[in-house]
Amino acid sequence: MSTPSPDNAANINKLARGLIYIALILFAIYYLLPLYVMVVNSVKPLSEIREGNMLSLPSVLTFEPWFTAWSTAQIGVQATGLKPYFMNSILMVVPAVAISTLLGALNGFVLTKWRFRGDNLVFGLMLLACFIPFQIALIPAARILGLLGIAGTTQGLVLIHVVYGLGFTTLFFRNYYAAFPTELVKAAQIDGASFFQIFRRILLPSSGPIIVVTVIWQFTNIWNDFLFGASFGDFDSQPMTVALNNLVSSSSGVKEYNVHFAGAILAALPTLVVYVVSGRYFVRGLMAGAVKG
Amino acid sequence: MLTRNRLQDAVPRLVLAPSFAAILLFVYGFILYTGFLSLTDSKMLPSYGFVGLENYRKLWALPHWWRALTNLGIFGSLYIIICSVLGLFLAILLDQKIRAEGFLRPIYLYPMALSFIVTGTAWKWFLDPGIGLQNTMHLWGWESFTFTWIKDRNLAIYCVVIAAVWQSSGFVMAMFLAGLRGVDNEIIKAAQIDGASTMTIYRRIIIPLMRPVFLSAFVVLAHLAIKSYDLVVALTGGGPGQATELPATFMYSYTFTRNSMGIGASSAIIMLVMIFSIIIPYLYSELRGGPRA
Amino acid sequence: MSFRMLTKLAAGAALIALTTGAAKTADNVEVLHWWTSGGEAAALEVLKKDLESKGVAWSDMPVAGGGGEAAMTALRARVTAGNPPTAVQALGFDITDWANQGVVGDLSEIATAEGWDKVIPTALQNFSKHDGKWIAAPVNVHSTNWVWISKKALDAAGGKEPQNWDELIALLDKFKESGITPVAHGGQPWQDATIFDAVVLSLGNDFYKASMVDLDPAALGGDKMKEAFGRMEKLRSYVDDNFSGRDWNLASAMVIEGKAGLQFMGDWAKGEFLKAGQKPGTDFVCIRFPGTQGAVTFNSDQFMMFKVGEDSKKAQLAMASAIENPVFQSAFNVVKGSVPARTDVPNTDFDDCGKKGMADLAEANTNGSLFGSMAHGHSAPAAVKNAMYDVITRHFNGDLSTDEAPAELAAAVAAAQ
């Protein structure tokens, strides 16, 4: 990786570097604070939360809230914990991310290497689609899912997430492929390679960074969606966010904050893992195309 | 042979067609439908009694709506400016060959991975004077410390800004970092040979080169600001009073909880007009020259 | 990630998605509700078990949030998709609104056979019946004009329960002198409105009916309404600085812990006191809002039944019948803090506050002083209710003066109709 920072960086005196580290650490604290509050309070007994200091470490350490949130907390009429909903989310997120990423890659390929009249208009319209407020889509989308016979199913949720993810995935891949040498595509064409052969053999092998960016983006957005999940999910397809919401915003009764925090962290774990594991590639992927115009 | 070729020629467009068709229907079809609903007397569910511009007249007569727009003005501008400045600042700091970069970067980035259903409670706690920061400071002996913004109807909107900046500034940082890493080393070397200081290099050369990143960040942030919904619901529920109501929460509440779908639809149309008036000029300038290599 | 992996993943995932479609059996009820907290859900499980013993399976669709708002949004999507649940927890005018859409079912068969007309208060029937047909099975009656007082604080202040407005203010002043927060309150629109309900009712049953139920502009914008807002302003001066956005159960906790003197809240607050190990009469006192004894503002959770196919009809009727079973009514409401929707359920299992609630309900029902609660969507449709919330909340937070508020209220209600 190139390091464009000025070579005289080494000359900056130690004080300046110290200040930089202090600033960076202070900001790290700012970003970590909410997570810290959640983690610390998820391992305290409820009585300690009631009386104690939000920031203090637990005097009695308990992992009970975590087990409760996962397997015995009241989500619906039965005390199932978040466990069954986890699988619902996986079944929805994995196909939705895979399909929208694949379509985005194909669309990006077409829009950059197989240009046709009006392609910019098509791209512009697809990009603009990213900005639609989802609330207005609720009622008409419900009607369409009903007509297709997939209302209240995981397939229905997958379809919705794929459609509303296409704008972003197409944007990412288009910008990435725009920088890809067109000559390679032309040469392959002359050799008689078909559209899909070129896509598979030439473009995809070098698409790693942008696939990472797209997958991260789509995974977090779809995993975190509540509105569609609550509206289009059924008793057997409600995703994790809906369950978490049921856990934390039940209308009455004692609020078990420690269980709520534990549940919130559990619900966020997959996205956190995705970010931490692939964060390295994320900046590289952004560098490779997503931030270019 | 000829037909085969023609078929080959059509493949790219056939590949693009399903995505484009889906977006035409699910985005533009729905926008038209919403536009139509805004001219009807729809209450709980869509109904088709035509009332002309009545809903728009009612909308603009509501103090509630004005409040939402004013708040969006305050929130949106602060959010975009702070996120951009902070994102750039952190990216520049991180770009100084920081040893712990691999450790710090995911810390700055992770909030984007979490939905506000997850972090909302933690933020609510943190900002609440009774149990949050103020209480903690008092327990630590700083008795005169006061931080009651979230309870103050003139200041609560700034709490929304704090939490929103926390969520997105890391992502903006990643975009700038990618941009900084993409700057050509030769330019910097040349400037250094000319004896320019690090500050000058950043001010005169590197930051101006970040123009496309600023634009991308602006578009991403602007649309997040206009669509902000979870954030407000989780943090303040629009309160105190209606002090933190935003157009997105307004629209949801009129469409779905107040059974005034016509007014909700007209506010959605206004939101769309606002979004498009930001995005379309940007898209136009970006796409005019075709995809850049 | 390679392309091959990606396509394989996509294909495999699509296959999984296709094969996990719902298998709905005939004897099955799909229930959309927002009772997800421990006690409520446990009470609902009684119903579920009962149905299962009769061979009816229960498909659970919980969507919590905002007192049912999220569930109502989900319901709209479900109905629009042509895939409505069998039964939906619903409140007041939401039921009427859905009935007007012509999508609800008909329970008259079972209601007639079991004689619901005779045992369910007429005020509830206004919502449970539409065009003479039973469309919903009421589960409970919550009354909202309660005051929950800390016994310790009350004793310290002389021990006399306030009977009218002046005595209430005197009591609050004594609380203030003793250094506790007089009124535990959470600044959320519905909580502000819950107090407003009681305040309006304390100015007379007729005034409540004229303003909150009949929406008479003269009553809404008149001098008496100004007095009501004046009382709100007075009460506002007894809450702590930190009230805004507080959940109601945290406000209850303030009374439980002795940090606050009293809370104005519906009977669901009782559950918080009981769970904290407090006993009615010894640790806390429940009285009607001063000046409203004899009248009750209520809200009632009902299970609204949607039109289903003939094959599911049997299960739906079985569910309706099970809800109105007196044993379930008693078991559920003991836990929930509310009182049964039927007036013929024995009060043996209820505590003192529950017994008082049942007696008050029966009395109000006979005297015609049982009114739907505005704050809880039982006196006016959602658009009007929320328009009132806007004005009440703005006034309570100091955005509107007491002089301006009545005219604003009348205007807002007119605009929302």
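Per the conditions (1) at negative phi; (2) surrounded by fewer than 17 Cβ atoms within 10 Å (Cβ to Cβ), the sole criterion not satisfied by B:GLY141 is (1). Listed by first and then second residue, the pairs linking a residue in region C:259-280 that is farther than 12 Å from C:ALA184 by Cβ to a residue that is charged (D, E, K, R) and assigned to a loop (DSSP other than H, G, I, E, B), with Cβ atoms under 6 Å apart and 6 or more places separating them unless they lie on different chains, are C:PRO280/C:ASP351.
State whether the residues of region A:174-183 include one that is in contact (Cβ under 8 Å) with a residue 40 or more places away in the chain and touching a Phe, Trp or Tyr at 6+ places or on another chain (Cβ under 7 Å). Yes: region A:174-183 contains one or more residues that are in contact (Cβ under 8 Å) with a residue 40 or more places away in the chain and touching a Phe, Trp or Tyr at 6+ places or on another chain (Cβ under 7 Å). Filtering region C:343-355 to residues that are surrounded by 20 or more Cβ atoms within 10 Å (Cβ to Cβ) and under 19 Å from the mean Cα position of the chain (by Cα) leaves C:CYS353, C:GLY354.
Identify, please: which residue in region C:113-135 is within 21 Å of the chain's Cα centre (by Cα) and part of a strand (DSSP E or B) and is, among those, surrounded by the fewest Cβ atoms within 10 Å (Cβ to Cβ)? Going through the qualifying residues, I end up with C:HIS130. Residues to consider are A:SER278, A:SER237; find the one that is more than 7 Å from every other protein chain (Cβ to nearest Cβ), closer than 30 Å to A:VAL77 by Cβ and small (Gly, Ala, Ser). On inspection, the qualifying residue turns out to be A:SER237.
Restricting region C:300-317 to residues that are assigned to a loop (DSSP other than H, G, I, E, B) and in contact with a strand residue (DSSP E or B) (Cβ under 7 Å, 6 or more places away or on another chain), the residue that is surrounded by the fewest Cβ atoms within 10 Å (Cβ to Cβ) is C:LYS307. Residue check: is C:ALA81 more than 14 Å from chain A (Cβ to nearest Cβ), without any contact (Cβ under 8 Å) to a residue 12 or more places away in the chain and either among the hydrophobic types (A, V, I, L, M, F, W, C) or buried (at least 23 other Cβ atoms within 10 Å of the Cβ) (or both)? Answer is no for this residue.
Considering region C:35-78, the residues that are more than 28 Å from C:ASP247 (Cβ to Cβ) and of a type in the set (Gly, Ala, Ser) include one that is surrounded by the most Cβ atoms within 10 Å (Cβ to Cβ), namely C:SER59. Of the numbered conditions (1) touching a Leu at 6+ places or on another chain (Cβ under 8 Å); (2) within 13 Å of chain A (Cβ to nearest Cβ); (3) of a type outside the set (A, V, I, L, M, F, W, C); (4) surrounded by fewer than 18 Cβ atoms within 10 Å (Cβ to Cβ), B:HIS223 satisfies every one except a single condition; which is it? Result: B:HIS223 passes all but (1). Among residues of region C:366-407 being facing chain B (nearest Cβ under 9 Å) and charged (D, E, K, R), the one that is farthest from C:ALA218 (Cα to Cα) is C:ASP399.
This table checks each residue for (1) in contact with a strand residue (DSSP E or B) (Cβ under 8 Å, 6 or more places away or on another chain); (2) touching a residue at least 12 places away in the same chain (Cβ under 8 Å); (3) not in a helix (DSSP H, G or I).
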residue: C:ALA137; (1), (2), (3): yes, yes, yes
residue: C:VAL141; (1), (2), (3): yes, yes, yes
residue: C:ALA153; (1), (2), (3): yes, yes, no
residue: C:ASP166; (1), (2), (3): no, no, no
residue: C:ILE195; (1), (2), (3): yes, yes, no
residue: C:VAL199; (1), (2), (3): no, yes, no
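Taking the listed residues B:ALA190, B:ALA196, the one that is without any contact (Cβ under 8 Å) to a residue 24 or more places away in the chain, outside any helix (DSSP H, G or I), more than 14 Å from chain C (Cβ to nearest Cβ) and farther than 22 Å from B:PHE276 by Cα is B:ALA196, with no other qualifying. Being basic (Lys, Arg) and in contact with a Pro (Cβ under 9 Å, 6 or more places away or on another chain): is that true of C:LYS152 here? Considered against the rule, which asks whether it is basic (Lys, Arg) and in contact with a Pro (Cβ under 9 Å, 6 or more places away or on another chain), C:LYS152 comes out as no.
The combined condition, being touching a strand residue (DSSP E or B) at 6+ places or on another chain (Cβ under 7 Å) and modelled with pLDDT under 85, is fulfilled by C:THR25.
Applying the condition of being modelled with pLDDT of 90 or more and not β-branched (Val, Ile, Thr) to region A:214-223 and asking which residue is farthest from B:MET175 (Cα to Cα) yields A:TRP223.
When you check B:PHE36 against the structure, is it out of contact with any strand residue (DSSP E or B) (no Cβ under 7 Å at 6 or more places or on another chain), surrounded by 20 or more Cβ atoms within 10 Å (Cβ to Cβ), among the aromatic types (Phe, Trp, Tyr) and closer than 21 Å to A:VAL163 by Cβ, yes or no? In short, no. Where helices (runs of 4 or more DSSP H) fall entirely within region B:206-293, those with at least 3 residues that are aliphatic (A, V, I, L, M) are at B:211-227, B:230-235, B:261-287. The residues in region A:69-87 that are more than 10 Å from chain C (Cβ to nearest Cβ) and crowded, with 20+ Cβ neighbours inside 10 Å can be counted, and the count is 4.
Scanning region A:140-154 for residues that are surrounded by 24 or more Cβ atoms within 10 Å (Cβ to Cβ) and part of a helix (DSSP H, G or I) yields A:ALA141, A:ALA142, A:LEU145, A:THR154. When each of A:VAL163, A:VAL122 is tested for being farther than 23 Å from A:VAL93 by Cβ, part of a helix (DSSP H, G or I), β-branched (Val, Ile, Thr) and assigned by TED's automatic domain parsing to the domain that holds A:LEU102, the lone residue that passes is A:VAL122.
Taken over region A:147-170, residues that are more than 14 Å from A:LEU102 (Cβ to Cβ), among the aliphatic types (A, V, I, L, M), in contact (Cβ under 8 Å) with a residue 60 or more places away in the chain and in contact with a Gly (Cβ under 8 Å, 6 or more places away or on another chain) amount to 2. Determine, yes or no, whether B:LEU86 is part of a helix (DSSP H, G or I), farther than 30 Å from A:LEU106 by Cα and within 13 Å of chain A (Cβ to nearest Cβ). Against the criterion (part of a helix (DSSP H, G or I), farther than 30 Å from A:LEU106 by Cα and within 13 Å of chain A (Cβ to nearest Cβ)), B:LEU86 qualifies. Tally the residues that are within 14 Å of chain A (Cβ to nearest Cβ) and crowded, with 21+ Cβ neighbours inside 10 Å, restricting the search to region C:261-292. Residues flagged as within 14 Å of chain A (Cβ to nearest Cβ) and crowded, with 21+ Cβ neighbours inside 10 Å within region C:261-292 amount to 10.
The number of residues in region C:90-112 that are in a helix (DSSP H, G or I) and within 23 Å of the chain's Cα centre (by Cα) comes to 9.
A single entry from C:ALA364, C:ALA387 fulfils the requirement of being of a type outside the set (Lys, Arg), touching a residue at least 40 places away in the same chain (Cβ under 8 Å) and assigned to a helix (DSSP H, G or I): C:ALA364. Scanning region A:88-111 for residues being out of contact with any Asp or Glu (no Cβ under 9 Å at 6 or more places or on another chain) and more than 10 Å from chain C (Cβ to nearest Cβ) gives a total of 6. Applying the set (1) over 28 Å from C:VAL308 (Cβ atoms); (2) polar (S, T, N, Q); (3) touching a Phe, Trp or Tyr at 6+ places or on another chain (Cβ under 7 Å) to C:SER128 leaves exactly one unmet item: (1).
The values are calculated or read from the model by the stated rules, or taken from the named source; none is laboratory data. Small disclaimer: the values here were computed from a predicted structure and weren't measured. Cβ coordinates were reconstructed from backbone atoms using ideal geometry, including for glycine residues, and neighbour counts include every protein chain displayed.
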